[in-house]
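Working notes, beginning with the structure itself.
Quick note: the coordinates plus some simple rules give every number you see, no bench work behind them. Note that the structure is a prediction, hence the values are computed from the model and not measured. For neighbour counting, all protein chains shown are included, and Cβ atoms are generated from backbone atoms with ideal geometry for every residue, glycine included.
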Amino acid sequence: SGPWRPHNYSGKFEGPVSLRYALNRSINAPTVKFYLDFGLDPVLENIRRLGVTSELPRVPSLFLGAGEVTLQEVVAAFAAFANQGIHVEPYLIQRVESADGEVLEEARVEQREAIDPAVAYIMASLLQSALKQGTGAPARRYGFTGVAGGKTGTTNDYTDAWFVGFTPAQCAGVWVGYDAKVSLGARKTGAVMALPIWAGLMANVAGGGEEPFPRPPGVVEALVCAHAGLLAGTRCDSVRTEVFLAGQAPTRGCDLHGGALQEYRPLP
């Protein structure tokens, strides 16, 4: 139907950014670059491994949400990030008991490893930033203050608003929309429409717990320059601790600011 011209919500191109920054602020351009670098097959493979069975179009815009899936599928997929890569098949009824307490029927929990635990941990870490500094940060105003990761989502013309988020123990998702492609209104994004509902729910269900996500083997930390993504030097004006798969952390110092490498002392 013509050229595909994806753009960022802000209408501005921000240049090179980290994946963490891009996810925090729902910047589309870096996600489109993933398509240019890797194609559709890796994302489709991982979507299926995470339990999504809905039919999806093989088009570049799939990277930004083309195609439709159910809320149940998305929540189950996100839950694997909190569950060390284990996908649990959703079920509605835990058990059926008689009036005397006899168990007449009980659900059988079906679970399998969908993604590597270290990859799941890094995804959980990236998505925690979305709740701390990104589009999910308003959750604090709506009563949820615990440790969690999550992601907003908004479709074209504001017809669908999403927020899916998880703590180390629970995962929940909210979708707001009509049963037809009707706009919710100008700027009715996932952060405006769905996030407040999620935050109110999770404040009651999960509370404000500070339990961290358990870190599996195969994850390492490094102090990096926030601009270059390389090991932080003494002249870097903005540094942060970043997580990497073992063997994939940067090995050379920042080439934007220079200076000697900063010493990194991980917390016990």
Practice prompt. Kindly work out what percent of the DSSP beta bridges joining two residues of the chain are antiparallel, to the nearest 5.
Written response: 95
Practice prompt. Could you give the size of the charge dipole of segment 63-183 about its Cα centre, using +1 on the Cβ of each K and R and -1 on the Cβ of each D and E, expressed in debye and rounded to the nearest 20?
Written response: 820
Worksheet item: So what's the net charge close to residue 88: Lys and Arg +1, Asp and Glu -1, counting the other residues with Cβ under 15 Å from its Cβ?
Response: -1
Worksheet item: Beyond 20 Å, what percent of the Cα pairs of segment 131-213 remain?
Response: 29
Worksheet item: Which number comes out as Rg/Rh for segment 46-133 once both Rg and the Kirkwood Rh are worked out on C-alpha atoms?
Response: 1.10
Worksheet item: Over the chain, what is the mean sequence separation of C-alpha contacts under 8 Å (at least six apart), divided by residue count, expressed as relative contact order in percent?
Response: 14
Worksheet item: Exactly which chymotrypsin sites (Phe, Trp or Tyr not before Pro) in segment 7-48 are in a DSSP loop and have at most 16 other Cβ atoms within 10 Å?
Response: 9, 13
Worksheet, complete the sentence: Taking the alpha-carbon centre of each part, the distance from segment 152-224 to segment 34-94 in Å is 15
Response to the item:
Within the chain, the cysteines whose Cβ lies no closer than 4.7 Å to any other cysteine Cβ are 171
Worksheet item: How big is D, in µm² s⁻¹, for segment 1-75 by Stokes-Einstein at 4 °C and 1.567 mPa s if Rh is the Kirkwood radius over C-alpha pairs?
Response: 95
Worksheet, complete the sentence: Relative contact order of segment 1-96 (C-alpha contacts under 8 Å, at least 6 apart) in percent is 21
Response to the item:
Here, trypsin sites (Lys or Arg not before Pro) of segment 112-195 satisfying both criteria (DSSP loop; at most 13 other Cβ within 10 Å) are 141, 181, 187
Worksheet item: What GluC sites (Glu not before Pro) does segment 41-145 have in DSSP loop regions with at most 10 other beta carbons within 10 Å?
Response: 55, 102, 110
Worksheet item: Pick the calculated volume of the Cα convex hull per residue in Å³ for this structure from (i) 177; (ii) 186; (iii) 128?
Response: (i)
Response to the item:
With -39,500 (n - 2.57) per DSSP H segment of 4 or more residues and division by the full residue count of the chain, the 222 nm estimate, nearest 500 deg cm²/dmol, is -7500 deg cm²/dmol
Worksheet entry | Size of charge dipole - the chain - debye, nearest 20, with Cβ of Lys, Arg +1 and Asp, Glu -1, no other charges | 1240
